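Chemist: Quick one: this structure, given as structure tokens, is what I'll be asking you about.
The values are calculated or read from the model by the stated rules, or taken from the named source; none is laboratory data. Bear in mind that the values here come from a model prediction, so they are computed numbers and not experimental data. Note that each Cβ is placed from the backbone with ideal geometry, even for glycine, and that neighbours are counted across all protein chains shown. Keep in mind that these areas ignore ligands, DNA and RNA; they rest on the heavy atoms of the full protein, side chains included. Shrake-Rupley method; radii C 1.70, N 1.55, O 1.52, S 1.80 Å.
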Amino acid sequence: MIHSKMKTYAVLFLAIATTFHGSPLHANPTNEQPNQALAAHGTIAGSKELVASLYEIYESEEKFVIQCFDRKDRPDRFSEKQISKAAGRLWKAKRDAEHLQLMAEPAGFDLGVKLNLLWVQVIGFGRSYGRTPKGQKTMQKIRTKFQRGQPALKRFLTQAEGAISQGKLETFGKAMQVKGIEVNEDLVFFSPVERQKMEAPFLRVLATGDERLRRERKQKYFDMAKEVVAKQASVAAEFSAEAKRISEEITTNGTATLTEGIKGGPVEAFAHVAKIWGNASASLTRASVIQWAFTGNTRGKLQPSPKQLEQLAIPALVSIVDAAATSTPAEKAQAVYSGILKEIATVERRGTRDSISMPCEAALAKLAAKDRNLPAQIESYHRATAAMLDWRESFARKQSQKLATQFPNPAALMTKPIEVEKHDRPSFARVPTKTSIAPPIFSEPANWTVFETGARLIGKPVSEKRMLRLTPTSKTAVVPHDGRHYANVPLPLPSETHVADLKSALVIDDTHGPLTIAAADAISSAELQDYLTVCGVVQKVHMEGAVTRFIGLPDVAYPLMTLGYAPTFVDQQPIVQQTCWRFDMMPMWAHNRYFNVIVPRK
Amino acid sequence: MAYRGLTLMIVSVLILPAGCSKEEMKQKMEQVQTQAQAYTESAVQAVEEKLPENGSLALNMSPAAEKISKLDLQLISIGDGRPNVVQIANYDVSGPRSFPSVLLQGNTASTSAAGLSGQTVQCDLYYQAGPNSPVSMTKPGGSIDVSFGALNTEDNALSGRLGSSSLVVSDGTAFQISGGELVAVIREGN
């Protein structure tokens, strides 16, 4: 059942991907479609279009390079014009890729590596051609042209230097680009020594201006990004006001307006405040990562920080329980108490255990006291269920330890360099003997890497910590990001028997819910399908830019980070160059705190 | 009374772990025999004295039979219309387990422990031989029948018979219970 569902999703995905072939901006390279472009976040206007055009240039120039490489024994048969054009085009494209890096697009690094590899090949072909009789003739013509063009070149370079000193750096950049294409087209045939002499004056001016242009662009993009950051961060600040309003309405009326005019009672209000905390957390993540991407480090701290947001959210949630304690009538107290316990447990699984239930203790006691029989019922319920849950927890833990021996932690798999088993590299590419399975930065072309990663990872068993359903009805759960990767797991798992059994043992039915936080955690995690551990095989891998993943994080995906925490980036490597791996898993078993679900093999 | 004391001792003799060497068995037998003698002597002296009922559980299981010499029963009423819960254990459930450890628990409509007499309750069974042993329990959706017999008003204890059940073990092995007998002392039931 699950396998055929995966197939359906794969087919759907393929259908969507091929529709977007012309503008592959939303997908990322996968082991099935390694040549997909890396998605662009588009914080700076124009970056998405530039990414798309550069991937197209790479695609067409790669074809050309492969053609030439396969004929490299007969350089006399090369097309002089095509080599020339390719050299100029690739030189400009490389510069564009570096520009994309300034725009904090990870694609800029992938493209930079790819285009440089092609450029090196084209230079090689040019030099081979240069050594042929036809090539020698052409070079002589170019030498003459160069000599004659010296005065004009000198004037041009003086003007360019003038533009630099006047701070007209974009003008400088455009002019130098046009000239540079010409220079590269001409010099592709020359030996390194002779080439160096001929282009030295041009390169000197280029380097001076480039350095200032780079700084100017960096500042400009940082300022643009700041606006986006401010907008995202304000959503986080609005959270407190919204939570306060809801709490006041519950205190007064017992109901509150939640979204689009829909009213809810205390349990819905609690769940809603937890959800908007999640949204604020996602918003804060997007803002933080934009800031880090454009400053190049993770030192920048936004207000509120994830911890500060948590310090706002917890009292906000406590106030909902207090409000419920004030306005809930005696006959509803047990149902509200039970419902709130389940919501507390659900939020804690997305944050830190006990972080909300403990601060809520006093308010919960107040709520329980509204019904004079309830405190005693809670006590009896505890006596009736605590030992049973303790047994089930130890059974499940021991059983999971036994099952887990077959499933290694993916972190170990991902860091050790191992043999390249299968590759898809073109003829001109060097194939290393060993590479890391899932490298942390873009250092080789993503399409080669993701293909090789897939060959070594697909079908491999892995064990992942924490699996959280995105919404109560979503067909997908996520394994949170661990600094290098995250995972998607399809739902539901076949846990019906376990859930029914647990419900009976917890003495729960349609009108009687859990009366302890442990019981609430047990039943809510079982029914929702949150798990502590999930083990399975990798079905598909996606390679993403880490900053793109978080800048484009939809609100619903807030469980990708633990509430109260920011996503992890390493400062030792350029922020924008860091990768993020997504594993699509086929689950084989999952560990709920109180039982293990085993997915039968087809 | 003396007879009761001897029965208890016989019960203890049978709690020998599988894999005991002949020498160890011989030693244990001798120990127990000495104790039994002492008990019998003191019992003869105190014919009028009543020995307290501790409860017992004898499980017919493969691979190794288990006999436990303490068993308490509580009937817990949550009091809000839910079924009541029968909780049978050989240790104080408000604290840590003592080993071997057993818990039998099931839902019942019965409103008092005494009222369980003559009733059959479907129970979950949890069992662990030692602190580092695997844990065994009835399968999800499965249960073991506990059929309660007469209430002994003097000892405030209920007798009962166990049905059959196949248990799951946390190490992946299987476990069959083919019946058993219990005597459970009623503690603070509602």
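Chemist: Taking into account only those residues within the stretch A:352-378 that are within 14 Å of chain B (Cβ to nearest Cβ) and open to solvent by less than 10 Å² (accessible area, probe 1.4 Å), which is nearest to B:I76 (Cα to Cα)?
Modeler: So the residue we want is A:L374.
Chemist: Got a sec? Which strands (runs of 3 or more DSSP E) wholly within the stretch B:62-106 have at least 2 residues that are touching a residue at least 60 places away in the same chain (Cβ under 8 Å)?
Modeler: Numbers: elements: B:66-68, B:72-76, B:84-89.
Where strands (runs of 3 or more DSSP E) fall fully within the stretch B:62-106 and carry at least 2 residues being touching a residue at least 60 places away in the same chain (Cβ under 8 Å), they are B:72-76, B:84-89.
Chemist: Tell me which residues, restricted to the stretch B:129-146, are open to solvent by 50 Å² or more (accessible area, probe 1.4 Å), under 17 Å from A:S504 (Cα atoms) and more than 9 Å from every other protein chain (Cβ to nearest Cβ).
Modeler: Answer for the stretch B:129-146, where residues must be open to solvent by 50 Å² or more (accessible area, probe 1.4 Å), under 17 Å from A:S504 (Cα atoms) and more than 9 Å from every other protein chain (Cβ to nearest Cβ): just B:D145.
Chemist: Looking at (1) away from chain A (no Cβ under 14 Å); (2) crowded, with 16+ Cβ neighbours inside 10 Å; (3) within 18 Å of B:Q74 (Cα to Cα), which one does B:Y126 not meet, given that it meets all the others?
Modeler: Every listed condition holds for B:Y126 apart from (1).
Chemist: Right, next: Only one residue in A:G296, A:G339 is at positive phi, more than 14 Å from chain B (Cβ to nearest Cβ) and out of contact with any strand residue (DSSP E or B) (no Cβ under 8 Å at 6 or more places or on another chain), so which one is that?
Modeler: Numbers: A:G339 fails: at positive phi.
A:G296 is the lone residue from the list that is at positive phi, more than 14 Å from chain B (Cβ to nearest Cβ) and out of contact with any strand residue (DSSP E or B) (no Cβ under 8 Å at 6 or more places or on another chain).
Chemist: Which condition does A:V347 not pass, out of (1) within 14 Å of chain B (Cβ to nearest Cβ); (2) surrounded by 18 or more Cβ atoms within 10 Å (Cβ to Cβ), if it passes all the others?
Modeler: Result: A:V347 passes all but (1).
Chemist: May I pose another question? Pull up the stretch B:157-190, narrow it to residues that are away from every other protein chain (no Cβ under 14 Å) and in contact with a helix residue (DSSP H, G or I) (Cβ under 9 Å, 6 or more places away or on another chain), then point me to the one that is farthest from A:Q401 (Cα to Cα). It would help to see each step written out before you state the result.
Modeler: Filtering the stretch B:157-190 down to residues away from every other protein chain (no Cβ under 14 Å) leaves B:157-164, B:166, B:176-186.
Add one more test, that the residue is in contact with a helix residue (DSSP H, G or I) (Cβ under 9 Å, 6 or more places away or on another chain), and what stays is B:158, B:160, B:186.
Numbers: B:L158: 38, B:G160: 36, B:I186: 37 Å.
This residue is B:L158.
Chemist: Hey, another quick one. Any chance the stretch A:543-561 includes a residue that's away from chain B (no Cβ under 14 Å), open to solvent by 20 Å² or more (accessible area, probe 1.4 Å) and part of a loop (DSSP other than H, G, I, E, B)?
Modeler: yes
Chemist: Please go through the stretch A:252-265 and pick out each residue that is crowded, with 18+ Cβ neighbours inside 10 Å and in contact (Cβ under 8 Å) with a residue 24 or more places away in the chain.
Modeler: From the stretch A:252-265, those crowded, with 18+ Cβ neighbours inside 10 Å are A:254, A:256, A:258, A:264-265; that's our starting set.
Hits for the stretch A:252-265 are A:G254, A:G265.
Chemist: In addition: For the stretch A:417-430, give me each residue that is farther than 14 Å from A:V450 by Cα, free of Cβ contacts under 8 Å to residues at least 40 places away in the same chain and part of a loop (DSSP other than H, G, I, E, B).
Modeler: Keep residues of the stretch A:417-430 that are farther than 14 Å from A:V450 by Cα, which gives A:417-419, A:426-430.
Now restrict to residues that are free of Cβ contacts under 8 Å to residues at least 40 places away in the same chain: A:417-419, A:430.
Result: A:R430, single match.
Chemist: Can you name every residue in the stretch B:160-174 that is crowded, with 18+ Cβ neighbours inside 10 Å and either within 18 Å of the chain's Cα centre (by Cα) or in a loop (DSSP other than H, G, I, E, B) (or both)?
Modeler: Once the filter is applied, which keeps residues that are crowded, with 18+ Cβ neighbours inside 10 Å and either within 18 Å of the chain's Cα centre (by Cα) or in a loop (DSSP other than H, G, I, E, B) (or both), the stretch B:160-174 yields B:G160, B:L162, B:S165, B:L167, B:S170.
Chemist: Here's something else I'd like to know. Condition first: in contact with a strand residue (DSSP E or B) (Cβ under 7 Å, 6 or more places away or on another chain), open to solvent by 50 Å² or more (accessible area, probe 1.4 Å) and either in a loop (DSSP other than H, G, I, E, B) or of a type in the set (S, T, Y) (or both). Now tell me which residues in the stretch A:431-458 satisfy that.
Modeler: A:T433, A:I458, listed by residue number.
Chemist: Within the stretch A:382-397, identify whether any single residue is more than 14 Å from chain B (Cβ to nearest Cβ) and part of a helix (DSSP H, G or I), and answer yes or no. Before you say what the answer is, go through the steps one by one.
Modeler: First, pick out the residues of the stretch A:382-397 that are more than 14 Å from chain B (Cβ to nearest Cβ): none.
Taking every residue of the stretch A:382-397 in turn, none turns out to be more than 14 Å from chain B (Cβ to nearest Cβ) and part of a helix (DSSP H, G or I).
Chemist: Pick from the stretch A:307-336 the residues that are surrounded by 23 or more Cβ atoms within 10 Å (Cβ to Cβ) and within 30 Å of A:Q291 (Cα to Cα): which of them is farthest from the other protein chains (Cβ to nearest Cβ)?
Modeler: The residue in question is A:L309.
Chemist: Further question on the same structure: Under 9 Å between Cβ atoms, which residue pairs at least 6 apart in sequence (or on different chains) link something in the stretch A:45-74 that is open to solvent by less than 50 Å² (accessible area, probe 1.4 Å) with a partner that is among the β-branched types (V, I, T)?
Modeler: That search, which allows pairs on different chains as well, returns A:E61/A:V122; A:F64/A:I83; A:F64/A:V122; A:V65/A:V122; A:C68/A:I83; A:C68/A:V122.
Chemist: From the list A:E182, A:E268, A:E238, which residue is within 24 Å of A:L309 (Cβ to Cβ), open to solvent by 60 Å² or more (accessible area, probe 1.4 Å), part of a helix (DSSP H, G or I) and modelled with pLDDT of 95 or more?
Modeler: Numbers: A:E182 fails: within 24 Å of A:L309 (Cβ to Cβ); A:E238 fails: modelled with pLDDT of 95 or more.
One residue alone meets the criteria, A:E268.
Chemist: Continuing with this model, one more query. Applying the selection to the stretch A:185-203, what residues are in a helix (DSSP H, G or I) and surrounded by 12 or more Cβ atoms within 10 Å (Cβ to Cβ)?
Modeler: Once the filter is applied, which keeps residues that are in a helix (DSSP H, G or I) and surrounded by 12 or more Cβ atoms within 10 Å (Cβ to Cβ), the stretch A:185-203 yields A:E185, A:D186, A:L187, A:E194, A:R195, A:Q196, A:M198, A:E199, A:P201, A:F202, A:L203.
Chemist: Identify, please: which residue in the stretch A:496-514 is out of contact with any Gly (no Cβ under 8 Å at 6 or more places or on another chain), at the interface with chain B (Cβ under 9 Å from one of its Cβ atoms) and assigned to a loop (DSSP other than H, G, I, E, B) and is, among those, most open to solvent (accessible area, probe 1.4 Å)?
Modeler: Ranking the candidates gives A:I508 first.
Chemist: Given (1) away from chain B (no Cβ under 14 Å); (2) out of contact with any Ser or Thr (no Cβ under 6 Å at 6 or more places or on another chain); (3) open to solvent by 30 Å² or more (accessible area, probe 1.4 Å), identify the lone condition not met by A:I517.
Modeler: (2)
Chemist: Determine if the stretch B:103-112 includes at least one residue that is open to solvent by less than 50 Å² (accessible area, probe 1.4 Å) and in contact with a Pro (Cβ under 8 Å, 6 or more places away or on another chain).
Modeler: Step one: list which residues in the stretch B:103-112 are open to solvent by less than 50 Å² (accessible area, probe 1.4 Å), which gives B:103-106, B:108, B:110, B:112.
Subsequent filtering for residues that are in contact with a Pro (Cβ under 8 Å, 6 or more places away or on another chain) retains B:108.
For the stretch B:103-112, residues open to solvent by less than 50 Å² (accessible area, probe 1.4 Å) and in contact with a Pro (Cβ under 8 Å, 6 or more places away or on another chain): present.
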